[in-house]
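The structure appears below as structure tokens.
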Amino acid sequence: MRTLAAWSSVAVAALLLLGGCTYIHREEAHQVESTLAAAGFQARPADTAAKMEKLKLLPQRKLRSKSKDGELIYFFADAEFCQCLYVGDQAAYSRYQQLAIQQKIAQEQMNAAEMNEDAAMDWGMWGPFW
């Protein structure tokens, strides 16, 4: 009986961990896809079974480039969450890079502000945490 309870606890913990990972991957994908859209990439839904099969063959959630008719095009495939392909040209890719840098700077500034706020807090007044 004890073994069953232990295995049940392990199974529940594994499910929670996997669910958390899925949530993180979904949030990361959403953030990148929002930035791609803001930069001018066009979302093309995989609205047929044939398109979905082709989409699944592409590198997932990685920005890649390909030469087409002598020009570079950039694409980002996401068969799991948005079930679409984002496609952009060199101008959209340049805007994406600028936006990504701006977002990284903003995140670093927020992290620094949180660290400063945490350092300013007098944690001693709350007693030991053990």
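The values are calculated or read from the model by the stated rules, or taken from the named source; none is laboratory data. Bear in mind that the values here come from a model prediction, so they are computed numbers and not experimental data. In this analysis, Cβ positions are derived from the backbone assuming ideal geometry, glycine residues included, and neighbour counts consider all displayed protein chains. Areas reflect the complete protein model, heavy atoms only, side chains present, ligands, DNA and RNA absent. Shrake-Rupley method; radii C 1.70, N 1.55, O 1.52, S 1.80 Å.
Looking at 125, 110, 115, just one residue is more than 18 Å from the chain's Cα centre (by Cα), open to solvent by 90 Å² or more (accessible area, probe 1.4 Å) and within 23 Å of residue 32 (Cβ to Cβ), and that residue is 110.
Exactly one residue out of 63, 72, 57 is of a type outside the set (Asp, Glu) and in contact (Cβ under 8 Å) with a residue 24 or more places away in the chain: that is 63. Total residues in region 82-110 satisfying the condition of being more than 18 Å from residue 64 (Cα to Cα) and in contact with a helix residue (DSSP H, G or I) (Cβ under 9 Å, 6 or more places away or on another chain): the figure is 1.
Kindly indicate whether any position in region 59-68 is surrounded by 16 or more Cβ atoms within 10 Å (Cβ to Cβ) and out of contact with any Asp or Glu (no Cβ under 6 Å at 6 or more places or on another chain). The answer is yes; a qualifying residue exists.
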